[in-house]
Every structure is written in structure tokens, then in C-alpha cells.
Amino acid sequence: MKYIKKRVEPQELGHWKAKAKQQSVGVNYDYQNLPDPPKGIVQDSLMREQGYICCYCCQRIATDTSHIEHLNPQNPALKNESEPDLSLDYKNMLASCGSDKHWPKHCGNKKGNQAIKVSPIQPNCEVFFSYTGRGEIRPQANNTVEQVDAAQQTIEILGLNDYDLKEGRTQALEFLRSQFPQGLTTTQVSKRAEKIRNLDAQEKYQPFWPAVSHYLKKLYDV
């Protein structure tokens, strides 16, 4: 899981919400009735702010391999002033892997309407987890009992140790090792690590970035 700094909602979403709310007086004012192109623009915006990696597992995503995920369960029925409508709140929207509601069975598709205790919009979310050489994600062992429990609950609800995800992290580790052959100077190691950490020309993070970052620190102390 990588920290996601939420940005301002796309203008097209704001315009649609204002118009829909005025015309329908609240009726049909929910995510289920959000049409294209605003919906597609929202998905593109979410992917860009996440560096084109899944909000939960951090594998590479694209338009046809992702869907709009609601961090807190959306409830279009909440219409009164004391209960905000989460289904159209851009701050509650993320881009999760999986273009189908039933496959793959991890991340947003597995989470459904469950709540998770560690969220990618928490600035410190990355410190809750560690990664093994076999691609498994685990709670960070030296954290508090509460933090360990929160991380374990989040891992289980999102299915973050799905076989394909572990394989993906293992491949990310193999790629990383290929970038650091023996004999590099300390300066060369630092420069290569900095290049990997930075966004590329298309502002895309390395797939499984948190695991890559963990391995950089553990293997190369950078």
C-alpha cells in the first residue's frame, strides 16, 4: 500500500453534481447514475494521482484493468444533511485493480462494503507493512499491537497475499536485483535507487512500489 495524496476533484464531476442535484432535487443523485464522460474523466484522474498503480496492491493499472473504488462504502440512500453522500465524494474515490466486479478476487473486488483499518490516504500507511523475499506482505513486526492487528485485518480483507500478487512482488524484487550488479560504488547505487524512486516520463510508479521501496532499504540500505 502506498500513500495517495488526494487532489481536487475534476471540474467535470463538480459540474455534473451541481447540475444533477439542481435538476433532480436529490433524486438519482448518486454514483450509480454518474454517466460518461464525467465517470471516465474521474477514473483517469484517479489513476494519474496514484501513478497508475492500484490503490491497494500497487500493481500496474490501466483504464481497462481497473475500476472506481469507494474507500468508505458508498450508500446512495443517505440523503439527509447529517449523513454526507459518500458515493459522489471524490475524496472517497480510488482506482483499484480489476475491471470486473468478481475478478480478480482481491483489492476492491474482495473488499466490497467492508471497512479497512489501514487506508492508502493515511500519510503513514506504508509503515504498517513489510515484505518477504517470497513476495508476501506482512504486518511490520516492530509496531504496536494495535498497528499489527490493523495491518493484518487490512491484508485479509483485501486479499493482499493472493498468489498472483505474491508472484508480482517476487518479480519486482528480481527486477530490482538486476539493476544493482555487484561492483557498483556507493554513489552508483544511490543514483540508481533515486532513479527507481522517481516517477518516469509518464508519471508512472514502479509496479508494487511499496515492496520495491522496502527491498531497496533492506538490500542496499538506500
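Derivation of every value follows stated rules applied to the coordinates shown; laboratory data play no part. The model shown is predicted, which means the values in this text are computed figures rather than measured ones. Glycine gets a Cβ as well: all are built from the backbone with ideal geometry, and neighbour counts include every protein chain shown.
Where (i) 1, 6, 13, 17, 19, 18, 14, 8, 3, 0, 0; (ii) 1, 7, 14, 20, 22, 18, 11, 4, 1, 0; (iii) 1, 7, 13, 17, 18, 15, 11, 8, 5, 3, 2, 1, 0, 0 are the candidate values, the label of the one calculated here for P(r) over Cα pairs in 5 Å bins from 0, in percent is (iii). Here the range 173-199 is scanned for amide nitrogen atoms under 20 Å from the site 7 Å beyond the Cα of Glu136 along Cα-to-Cβ, giving 173-174.
What the Cβ-Cβ distance of Asp162 and Ile41 gives, at R0 = 22 Å and to the nearest 0.05, is a FRET efficiency of 0.15.
Axis of helix 186-197 versus longest Cα principal axis of the chain: the two differ by about 20°, to the nearest ten degrees. Neighbour counting of Cβ atoms within 10 Å sorts the residues Ser87, Ser119, fewest neighbours leading, into Ser119, Ser87. Placing +1 on each Lys and Arg Cβ and -1 on each Asp and Glu Cβ, with no other charges, gives the chain a dipole about its Cα centre of roughly 540 debye. Charged neighbours of Cys57, selected by a Cβ distance under 13 Å, balance to +2 (K, R count +1; D, E count -1). Using the Cα centre as the reference, give the magnitude of the dipole from point charges on the C-beta atoms of the range 11-111 (Lys, Arg: +1; Asp, Glu: -1; all else neutral), rounded to the nearest 20 debye. I would put it at about 180 debye. Site pair Gln182 and Lys117 shows an inter-label distance of 4.4 nm when each label is modelled 7 Å from Cα along Cα→Cβ.
Total lysine pairs in the range 11-111 at Cα distances under 25 Å, for residues eight or more apart or on different chains: 24.
Once you charge only the Cβ atoms, +1 for Lys and Arg and -1 for Asp and Glu, what is the size of the charge dipole of the range 125-220 about its Cα centre, to the nearest 20 debye? Approximately 560 debye in magnitude.
Taking each DSSP H run with n ≥ 4 as -39500 (n - 2.57) and averaging over every residue of the chain yields -11500 deg cm²/dmol at 222 nm.
Rounded, prolate or oblate: which fits the range 11-111, taking a ≥ b ≥ c as square roots of the Cα gyration tensor eigenvalues, rounded meaning a/c under 1.5, else prolate when a/b beats b/c?
Values: a/c = 2.27, a/b = 1.67, b/c = 1.36.
Cα axes put the range 11-111 in the prolate bin.
Using a Cα-Cα cut-off of under 17 Å, which aspartates and glutamates could be cross-linked to Lys217, ignoring same-chain neighbours fewer than 8 residues away? Result set, ordered by chain and number: Glu126, Glu136, Glu174, Glu194. Using the beta-carbon distance between Ser99 and Val222 and R0 = 35 Å, what value does 1/(1 + (r/R0)^6) give for FRET efficiency, to the nearest 0.05? It comes out at approximately 0.45.
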